[in-house]
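The values are calculated or read from the model by the stated rules, or taken from the named source; none is laboratory data. Small disclaimer: the values here were computed from a predicted structure and weren't measured. Every residue, glycine as well, gets a Cβ built from its backbone with ideal geometry; the counts of neighbours run over all protein chains shown. Areas reflect the complete protein model, heavy atoms only, side chains present, ligands, DNA and RNA absent. Shrake-Rupley method; radii C 1.70, N 1.55, O 1.52, S 1.80 Å.
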Amino acid sequence: HAKARHRGRAQLFDAAMHASVLERLELEADLRVAIARGGFEIHYQPLVELQGGELRGFEALVRWRHPARGLLGPCAFIPLAEETGLIVAIDRWVLRAACAEVASWPQPAGRPPVSLGVNLTATHLHSPDVVQEVQSALQASGLAPERLMLELTENVLLSDTAASAQTLRELRGLGLRLALDDFGTGYSSLGYLREFPISDLKVDRSFVTNLGQDGAATELARMVAVLGRTLGLATVAEGVETPEHYAQVRELGYTLAQGYHIGRPLPAEQARALALQEAPLVPPG
Ligand code: C2E
Ligand code: MG
Ligand code: MG
Ligand code: MG
C-alpha cells in the first residue's frame with residue numbers, strides 16, 4: 001500500500017509540474033506575441049523635489065495588457081522575460097516609446113522640463129548595441145539627453161566590471177543620468193560609486209517604509225542621504241507612502257521623492273495632464 005500511495009503522490013507531483021511547465025510555455029509564447037504585436041503599455045509615476053514639492057519627473061513602468069489575464073505588473077512577467085532573454089526586446093520598446101511619449105508633452109513655462117526614468121536590466125546593459133540604441137531613442141524622440149535617467153540595480157555592476165564601467169561612461173557621455181536603483185539591497189561595495197559614473201542613488205523602498213519604526217532602516221536611509229551629499233550625487237527616496245515618510249525623507253535631505261503619497265503610476269494621458277499642472281504636486285507644509 002505504501003508503494004501505491006507513493007506512486008499516487010508522484011503522479012500528483014508530475015501533474016502539477018506538468019501544469020506549471022505548460023503554463024510557463026504558454027506565458028512565454030504569449031510574451032513573444034506581445035513583443036511582436038505591441039501588447040505592452042507604460043505607466044508613469046511622478047517624482048517631486050523635496051524643497052517645494054514640485055514635479056520633476058516620471059519613472060516609466062512597464063505593464064502587459066494580457067488578452068486573457070488583464071493588465072499585468074512587471075513582477076508577473078519580468079522574471080520570465082529575463083530568463084528567456086525577451087527582456088531586452090521589452091526594454092528596447094519601453095525606452096523608445098517612453099522617450100517619444102514624454103518628449104511630446106508640452107511644458108509649462110517657468111520650470112525645468114520633466115525628467116524620465118527608464119529601467120535597464122543587466123542583459124540589456126551588457127548587449128553590444130546598448131549605447132547606440134539609447135542614442136537612437138534620444139535622436140528619434142528629440143528628448144534632450146539630460147532629461148533621461150537610466151536606472152540600474154547594483155547587481156548589474158557585479159559581472160564584467162571593466163566592460164560595464166566603459167559602457168556606463170559612454171552612456172554618460174551622451175549626456176544622460178545614471179541611477180543605482182533599489183540602492184542598499186544589492187551586493188555592491190561603496191567603492192563602486194567611485195568606479196562607475198553614477199549620478200543618482202535611489203534608496204530602496206524598504207528603508208523608507210520602515211522609517212521611524214526600525215532604527216537600522218532609519219540609520220541606513222540617513223547614511224544614503226549623507227553619502228549622496230558627500231559624493232555630490234542626487235538622492236531619490238522611493239516608496240514614500242505617507243505624509244510622515246515625506247516629512248522624514250525631506251528632513252534627511254533627500255533630493256527627490258517618489259511613492260504612493262505623491263502619486264501612483266499613471267497611464268500616459270493622465271501623466272501628461274499632471275505635467276501641465278502649475279501648482280506643486282505636494283503642497284509645501
Ligand atoms: P522599481 O524600478 O524599483 O520601480 C518602483 C516600483 O515600486 C514600481 O513597481 C512602483 O509601482 C512601486 N511603487 C512606487 N511607489 C510605491 C509605494 O509608495 N509603495 C509601494 N509599495 N510600491 C511603490 P512596479 O511598477 O510593479 O515595478 C516593479 C519593478 O519592475 C520595478 O522596480 C523595476 O525593477 C521593474 N520594471 C518596471 N518596468 C520595467 C521595464 O520597463 N524594464 C525593466 N527591465 N524592468 C522594469
Ligand atoms: Mg526603477
Ligand atoms: Mg527602485
Ligand atoms: Mg524597487
Do we find that Gly232 is within 14 Å of ligand 2 (Cβ to nearest atom) and out of contact with any Leu (no Cβ under 8 Å at 6 or more places or on another chain) in this structure?
-> no
Can you tell me which of Ser206, Ser189 is within 11 Å of ligand 4 (Cβ to nearest atom) and of a type in the set (S, T, N, Q)?
-> Ser206
Does Leu86 count as closer than 30 Å to Val249 by Cα and open to solvent by less than 30 Å² (accessible area, probe 1.4 Å)?
-> no
Just need a number here: residues in the stretch 146-172 that are away from ligand 2 (no atom under 16 Å from the Cβ), open to solvent by 70 Å² or more (accessible area, probe 1.4 Å) and at negative phi.
-> 7
Give the residues of the stretch 57-95 that are within 16 Å of ligand 4 (Cβ to nearest atom) and small (Gly, Ala, Ser), sorted by residue number.
-> Ala60, Gly73, Ala76
Could you say whether any residue in the stretch 174-186 is modelled with pLDDT of 95 or more, in contact with a Cys (Cβ under 9 Å, 6 or more places away or on another chain), away from ligand 4 (no atom under 15 Å from the Cβ) and closer than 26 Å to Ala100 by Cβ?
-> no
Of the residues that make up the stretch 231-243, is at least one closer than 30 Å to Ala163 by Cα, without any contact (Cβ under 8 Å) to a residue 40 or more places away in the chain and more than 16 Å from ligand 3 (Cβ to nearest atom)?
-> yes
Scanning the stretch 205-219 residue by residue, those within 15 Å of ligand 3 (Cβ to nearest atom) and without any contact (Cβ under 8 Å) to a residue 40 or more places away in the chain turn out to be Ser206, Phe207, Thr209
Filter the stretch 155-192 down to residues that are of a type in the set (Ser, Thr, Tyr), within 15 Å of ligand 3 (Cβ to nearest atom) and not in a loop (DSSP other than H, G, I, E, B), then give me how many there are.
-> 0
Out of (1) at pLDDT 95 or above; (2) away from ligand 1 (no atom under 16 Å from the Cβ), the one Ala162 does not meet is (1)
Failed condition for Arg32, given (1) under 16 Å from Ala89 (Cβ atoms); (2) open to solvent by less than 50 Å² (accessible area, probe 1.4 Å); (3) touching a residue at least 40 places away in the same chain (Cβ under 8 Å); (4) of a type outside the set (A, V, I, L, M, F, W, C), with all others met?
-> (2)
Of all residues in the stretch 44-75 being open to solvent by 20 Å² or more (accessible area, probe 1.4 Å) and under 15 Å from the mean Cα position of the chain (by Cα), which is farthest from ligand 3 (Cβ to nearest atom)?
-> Arg63
Only listed residue being within 14 Å of ligand 1 (Cβ to nearest atom), under 28 Å from Leu168 (Cβ atoms), aliphatic (A, V, I, L, M) and in contact with a strand residue (DSSP E or B) (Cβ under 9 Å, 6 or more places away or on another chain), chosen from Ala225, Ala257, Ala221 = Ala257
What are the residues in the stretch 269-285 that are touching a Leu at 6+ places or on another chain (Cβ under 8 Å) and not in a loop (DSSP other than H, G, I, E, B), if any?
-> Leu274, Ala275
Counting only residues in the stretch 100-133 that are hydrophobic (A, V, I, L, M, F, W, C) and either away from ligand 2 (no atom under 16 Å from the Cβ) or in contact with a Lys or Arg (Cβ under 7 Å, 6 or more places away or on another chain) (or both), the one most open to solvent (accessible area, probe 1.4 Å) is identified as Ala109
